[in-house]
Amino acid sequence: MAKGTRGRGARRAPARTPVREHLRPWARDALGIGLVVAALIAVLALWFDAAGVVGRGIAWTLRGAVGLAAAAFPLLALYWGVLLLRGTAEDERPRMGIGFGVALVGALGLLSLARGNPRPLDGLEALRDAAGVLGALSAWPLARLLSRIGAAIVLSGVTLLGALVFSGTPLAAVGRRLRSLLPSRAVDGPAAEPAPEPARPRRRRETRPTEPDLPVVELPAEPEPPPEPEPIEIPDVVRAAPKGGRYRLPPIELLRTSPPSAASGRDEAHQMEALERTFHTFGVPAHVTAAHRGPTVTLYEVEVEAGTKVNKVLSLADDIAYALATPDVRIIAPIPGKSAIGVEVPNKVRDFVMLGDVLRSRAAREDRHPLTVALGKDVHGRAQMVNLTKMPHLLIAGATGAGKSSLINSFITSILMRTTPDEVKLVLVDPKRVELTHFADLPHLLMPVIVHPKRAAEALSWVVREMEQRYEVLAMVGVRDFDGYRQGFAEGTLRIPPGQEDRVVEFPYLLVVIDELADLMMVAPREVEDAICRIAQMARAVGIHLVVATQRPSVDVVTGLIKANIPSRIALMTSSQADSRVILDMNGAEKLVGHGDMLFAPSTASKPTRLQAAWVTEKEIQQVTEWIRAQREPEYQASVEGLGRPPAEGEDLEGDDELLEQAAELVIRSQLGSTSMLQRKLKIGFARAGRIMDLLEERGIVGPSQGSKARDVLITPEEWEEMRSARAGG
């Protein structure tokens, strides 16, 4: 009897949750409408004395409670009513309510102090002329303990704290905002230079036919795509961020938010009943104990009775899919950290996850690392960010149309929204020529977007050389990793050998993004595999990280060496179990439903997590990139030509006589034969600086290469002056 009662209780309990979820929007709308009505009645009562007996009662109550502040009650009630009717996020409302209450107490206390600081028992007339009973209760005890000046200081702090909590703004952000409003020296130019004219808006370049704003999902009752955001006037953007001035991050308003969910709680309740009925039909004593609805799938937690084999539930995957009228289900046995089995069922009505939603979340505000990017939302609807430095390298794979390029666009746009060109540099490899071209000509790029597969192999070789140079600098100053180097450089505690000051610079993070690995492996498989493995093995310690993507997850593209050196994976929908095993070393990706539905398997997790990737439209990308291009021109540190190869014999520098003269002057005056010094001083790339150094060797100015050490300078400054004088006299 007890057993049957427990089973019925377990079946009824979850059914209440969908009903509450279904009624919650109606309760919110009712409260919002009630506040708007109350605000209008309060206007008649407080401002015009035209609301009759009820109005006079409202006015008497409000004036007794908050005194002179009662006149502002209609505005506050109207504001809260509009917030509720607009559908402010449920997880934001408690924070806003707490902040508003704290700020209100502080403000009423200050008003009471300013109006004579009456006691709470001084009578209604005295309290109505100040801040009412609430103001007296907050101000008078403090004034007795701390004096009126001390009470004013405390209440001012309380008001400020409440305002910060209400707006969700950290105090550090307020300081940064105030500093940005003050005139100061520009980031990339001396303050003495006159401000240049505002740049003209760039013409929008069409790189391919316009794609639809949001993915089309082959599921019934798909909601209509949300309307496009209001277009941003490019001339206004340019005027807000002129070129030679301080670099400003793009405003979050350039990214849209997703529309409200059109899902119904009744579907969830019906699915739970059908799932339990399927278990009982096949004689499996299991009960659905909870349901968690995500953007793409709903996770049902299933508990089986003691003595029941988990394999019984696993064998019912096809029967469950048939009973729920869904293409496929994915079973997790068990859910990590729980004594329960998870059944993931695709939603009939799918929710959109926009990049703006994730970057506005608490997770994005709390993690400000330069390489933390937006990933998407999990089955609980929580925004997920990922720090690429902890991966430390990432492999993304899936079938065509599964959302691979969209995910890469979200990663790159996240970096552009959150970092300056001095913090992060990008190397973008796009053999298909159409996926990453909208990020061309950005100051974050270390080199132009690479579209030729052969040039991509050379670029990866250049990255290997850059990695080795960074290791040399870290070894020279005696630090172990990139974070220690950045901290020591910022604090000025690095131990720099005499004469090596020019080599110690602030290195940016370097992110290499390869959009299609298969095209590179077809052209130069050995060179590409060797470079990727070399970077993946060593580059994390010097701030260089890889994101590699492919739509052909086969063993000849994603080789064993590449898999062994890239521990973190993202699997989008695949066409077969074999492809899923290539990416994840397990089945599961073949059961995904596409359009950004993915399994995220970081190197630190034992099982992959199902997420819905964030989506960013082409119009949003264009607005963000136009904002950035309007502020700063790209300064490429390496050219595409000749990347990663030594200069050919007999190869000369065309039109570089003046540059060669400058390089000789720098080397002889500083007595430092360093290629990296020429890069920094002459603003050129590594390949070009190396060729100039070889020409200086041919002319007898510097000695031969000595590995990682600087070359010997064979001419003194005095000899150089004599040579120049003799040349001028001749």
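The values are calculated or read from the model by the stated rules, or taken from the named source; none is laboratory data. Remember, it's a predicted structure, so these values are computed and weren't measured experimentally. Note: ideal-geometry Cβ built from the backbone for every residue, glycine included; neighbour counts use all protein chains shown. Heads up: the accessible areas ignore ligands, DNA and RNA and are worked out on the full protein's heavy atoms, side chains in. Shrake-Rupley method; radii C 1.70, N 1.55, O 1.52, S 1.80 Å.
Of all lysines in the structure, the ones whose alpha carbon falls short of 16 Å from that of Lys591, not counting any fewer than 8 places away in one chain, are Lys348, Lys607. Projected onto its three principal axes, the C-alpha set of the range 314-376 covers 46, 29, 16 Å, listed from the longest axis down. On the beta carbon distance between Thr400 and Val54, with R0 = 60 Å, the FRET formula returns roughly 0.35. Note that the range 308-444 presents 34 Å² accessible area per residue, ligands and nucleic acids not counted, probe 1.4 Å. Counting only lysines at least 8 places from Lys454 when in the same chain, those with an alpha carbon closer than 18 Å to its own are Lys432.
What the Kirkwood sum gives for the range 513-627 is a hydrodynamic radius of 15.5 Å, with every pair of different alpha carbons counted. If you plug the beta carbon distance of Asp483 and Arg119 into 1/(1 + (r/R0)^6) with R0 = 60 Å, you get a FRET efficiency near 0.55. With R₀ set to 60 Å, the beta-carbon distance separating Glu273 from Ala564 gives a calculated FRET efficiency near 0.80.
Can you list the lysines whose alpha carbon is less than 29 Å from that of Lys709, not counting same-chain residues fewer than 8 positions off? Partners found: Lys425, Lys681, Lys683.
For the range 660-730, the share of alpha carbon pairs falling in successive 10 Å distance bins from zero is 21, 54, 21, 3 percent.
Electrostatic bookkeeping for Leu254 treats Lys and Arg as +1 and Asp and Glu as -1; over the other residues with beta carbon under 10 Å from its beta carbon, the sum is -1. Among the protein heavy atoms, those of Leu249 account for about 70 Å² of accessible surface (1.4 Å probe, every chain in place). When a 1.4 Å probe is rolled over the protein heavy atoms, the share of accessible surface on the range 549-591 that falls to carbon and sulfur comes to 55 percent. How much accessible surface area, in Å² rounded to 10, belongs to the heavy atoms of Arg669 with a 1.4 Å probe? The accessible area comes out at roughly 110 Å².
The residues of the range 450-581 expose on average 42 square angstrom of accessible surface per residue, using a 1.4 Å probe on protein heavy atoms.
Per atom type, the range 24-77 shows carbon and sulfur on 79% of its accessible surface, probed at 1.4 Å.
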